[in-house]
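First the structure, in the form of structure tokens, and then the observations on it.
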Amino acid sequence: MATTLTPAKAPTRTGTLLAILCAAPLLVILNYSTPLILAPQTAAHLHASATGQTWIINAISLGLAVPLLTSGSLADNHGRRRVLVFGAWLFAAAVLLAALAPNTLVFVAARIIQGAASAALLTSSLGIMGAAFTGADDRRRATAVYGAMLGLGVGVGGVLAALLGTAWGWNGPYWLYAAAAVGLALAARAVLPESRAEHPRRADVAGTITLGLGVAALMSSLTLGRQGWSDPLVIALLIAAAVATAAFVLVQLRGREPMLDPGLFARPAFLVASLGALVTGIAVISMMSYLPTVYQSETHLGPIETAAMIAIWSTSAFVVSLQVKRIALTPGMLLALALLVAGAGSALLVGLSGGWSWWHAVPALLVAGAGYGAANPALTRLSIDSVPADRGGMGSGVNNTMRYIGTAAGIPIIATLTDAVGTDGALWICAAIAALAAAGFALLIRRA
């Protein structure tokens, strides 16, 4: 099946097109990273409880995970540029709401809306990239740069959060990101070509509802579980998550035009892309998202030092993402190697919670960042290559859904593990998950 690509109002240079597309994930990750650095200050201003602080960090992942598949289908059916522009405007409004939030509830609601807007930005930008960059070499270079933005955004976001938080307060970064989102909306509307699927599919309302309920129930149960897993509400939410997930699978299997085509899982590349994104979310992104809060508490690092820590990790990720196009590996094998390196980085971080040392931290963060940096372009390329051209938004939606379900579920899981077995124990578990996944993906790719 084909995808239609309509030109913008004026011919667009490839570099300009790529710059605007890459601005979307960069902005999403800049905003995502802010509470990782300013969580204690934000929680103090909003008078948040321990559970509230977890929601401050995790709410955007919930907002991202639920609508990713839906936004991917909407982008394919109704126009990827249209969805990107709408997402940018919604993003700006939600960021302003967070900046003005008077309490934890409003802030968390704003972050969930930001997640939904971020989902629209990610799926539509990657869908446009798949339609615009069709040559193998062009696509490899484009996905390397796009993936590099995911690493760059974490580091730059951490630095901006620390600097603007010090200068303007806990909500300082949000004013800048709202203005940037407005600029992205205007630039995308003026420059980007429109693209959509040649044969649109009907909206999968039942799939949207069951998936949304399942993810929301799962995230809520995992977050509230820190207060006690025997709580009847937590048990009820876990049961609801299982029932809604089963209903979603049934709807997708029986639907004539499901938002997630079950037949895609027969493709080894698609299976590796989906499970790889899930593992990356749980074992890599979640661990690195929660570590700043742990280290600020256990080693008394301040916002500037924490931002420096994140900047080292993300700079390594950014540099490696740009260079992986030179590595002669298939995307699946590159992902396996990336998870192995990321797992080694987690193992090297063991011991820092007991006594901070930059001599210990810097090499470990460089290795961990290198693994994450190699995983991003591998997942980006797999999400495009593993689906038909007509379903670029679906491929992006599934990949990002799995990544952010992993992240949203992983953060409360990591928090619980840290409470139970300590920071070092949680790091060893994440390292083991990454290593086992790497071995499994390598075997799956070789047998395909």
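The values are calculated or read from the model by the stated rules, or taken from the named source; none is laboratory data. Worth saying up front: this structure is predicted, and the values here are computed from it rather than measured. Heads up, the Cβs are rebuilt from the backbone with ideal geometry, glycines too, and the neighbour counts pull from every protein chain shown.
Taking the stated definitions as given, is residue 374 in contact (Cβ under 8 Å) with a residue 12 or more places away in the chain and within 18 Å of residue 423 (Cα to Cα)? Working first, answer last.
Numbers: in contact (Cβ under 8 Å) with a residue 12 or more places away in the chain: yes; within 18 Å of residue 423 (Cα to Cα): no.
Judged against the criteria, residue 374 is not a match.
Just a yes or no: is a residue in the stretch 24-32 small (Gly, Ala, Ser), within 22 Å of the chain's Cα centre (by Cα) and either over 23 Å from residue 415 (Cβ atoms) or not in a helix (DSSP H, G or I) (or both)? Walk me through how you get there before you give the answer.
Initially, the stretch 24-32 is screened for residues small (Gly, Ala, Ser), giving 24.
If we keep only those that are within 22 Å of the chain's Cα centre (by Cα) as well, we get 24.
This time we only want the ones that are either over 23 Å from residue 415 (Cβ atoms) or not in a helix (DSSP H, G or I) (or both), so: 24.
Yes: one or more hits.
Please verify whether residue 116 is within 22 Å of residue 20 (Cβ to Cβ) and without any contact (Cβ under 8 Å) to a residue 60 or more places away in the chain, treating the condition exactly as stated. Let's see the steps before the verdict.
Working: within 22 Å of residue 20 (Cβ to Cβ): yes; without any contact (Cβ under 8 Å) to a residue 60 or more places away in the chain: yes.
Against the criterion (within 22 Å of residue 20 (Cβ to Cβ) and without any contact (Cβ under 8 Å) to a residue 60 or more places away in the chain), residue 116 qualifies.
If you check every pair at least six apart or on different chains, which have Cβ atoms under 6 Å apart with a residue in the stretch 241-260 that is at negative phi and surrounded by 13 or more Cβ atoms within 10 Å (Cβ to Cβ) first and a residue that is outside any helix (DSSP H, G or I) and of a type in the set (A, V, I, L, M) second?
So the pair list comes out as 252/260.
Run residue 356 past the list (1) over 19 Å from residue 400 (Cα atoms); (2) at pLDDT 90 or above; (3) in contact with a Ser or Thr (Cβ under 6 Å, 6 or more places away or on another chain) and report the number of the one that doesn't hold.
Residue 356 satisfies all of (1) over 19 Å from residue 400 (Cα atoms); (2) at pLDDT 90 or above; (3) in contact with a Ser or Thr (Cβ under 6 Å, 6 or more places away or on another chain) except (2).
Going through 266, 236, 273 one at a time, which residue ends up being surrounded by fewer than 21 Cβ atoms within 10 Å (Cβ to Cβ), at pLDDT 85 or above and of a type in the set (Gly, Ala, Ser)? Please lay out each step first, then the result.
Details: 266 fails: at pLDDT 85 or above; 273 fails: surrounded by fewer than 21 Cβ atoms within 10 Å (Cβ to Cβ).
Going through 266, 236, 273 in turn, the sole match is 236.
Scan the stretch 348-360 for residues that are surrounded by fewer than 20 Cβ atoms within 10 Å (Cβ to Cβ) and among the aliphatic types (A, V, I, L, M) and jot them down.
Taking the stretch 348-360 as the starting set, the residues that turn out to be surrounded by fewer than 20 Cβ atoms within 10 Å (Cβ to Cβ) are 348, 350-351, 353-360.
Within the stretch 348-360, 348, 350 qualify.
Inspect all residues belonging to the stretch 71-79 and state whether any of them is closer than 27 Å to residue 211 by Cβ, in contact with a strand residue (DSSP E or B) (Cβ under 8 Å, 6 or more places away or on another chain), at pLDDT 85 or above and of a type in the set (D, E, K, R).
No, every residue in the stretch 71-79 fails to be closer than 27 Å to residue 211 by Cβ, in contact with a strand residue (DSSP E or B) (Cβ under 8 Å, 6 or more places away or on another chain), at pLDDT 85 or above and of a type in the set (D, E, K, R).
Just a yes or no: is a residue in the stretch 343-350 assigned to a loop (DSSP other than H, G, I, E, B), modelled with pLDDT of 90 or more, in contact with a Ser or Thr (Cβ under 9 Å, 6 or more places away or on another chain) and in the same structural domain as residue 309 (by TED's automatic domain parsing)?
Taking the stretch 343-350 first, the residues assigned to a loop (DSSP other than H, G, I, E, B) are 349-350.
Filter once more, keeping what is modelled with pLDDT of 90 or more: 349-350.
Of the ones still in play, those that are also in contact with a Ser or Thr (Cβ under 9 Å, 6 or more places away or on another chain) are 349-350.
Add one more test, that the residue is in the same structural domain as residue 309 (by TED's automatic domain parsing), and what stays is 349-350.
Among the residues of the stretch 343-350, at least one is assigned to a loop (DSSP other than H, G, I, E, B), modelled with pLDDT of 90 or more, in contact with a Ser or Thr (Cβ under 9 Å, 6 or more places away or on another chain) and in the same structural domain as residue 309 (by TED's automatic domain parsing), which makes the answer yes.
Scan the stretch 81-120 residue by residue and report those that are hydrophobic (A, V, I, L, M, F, W, C) and not in a helix (DSSP H, G or I).
First, the residues of the stretch 81-120 that are hydrophobic (A, V, I, L, M, F, W, C): 83-86, 88-101, 105-110, 112-113, 116-117, 119-120.
Passing the criteria: 100, 101.
Select, from 136, 132, the only residue that is under 28 Å from residue 257 (Cα atoms), at pLDDT below 90 and surrounded by fewer than 22 Cβ atoms within 10 Å (Cβ to Cβ).
132
Just checking, which of 271, 348, 335, 340 is free of Cβ contacts under 8 Å to residues at least 40 places away in the same chain, farther than 30 Å from residue 169 by Cβ and in contact with a helix residue (DSSP H, G or I) (Cβ under 7 Å, 6 or more places away or on another chain)?
Values: 271 fails: free of Cβ contacts under 8 Å to residues at least 40 places away in the same chain; 335 fails: free of Cβ contacts under 8 Å to residues at least 40 places away in the same chain; 340 fails: free of Cβ contacts under 8 Å to residues at least 40 places away in the same chain.
Selected residue: 348, the only one of 271, 348, 335, 340 that is free of Cβ contacts under 8 Å to residues at least 40 places away in the same chain, farther than 30 Å from residue 169 by Cβ and in contact with a helix residue (DSSP H, G or I) (Cβ under 7 Å, 6 or more places away or on another chain).
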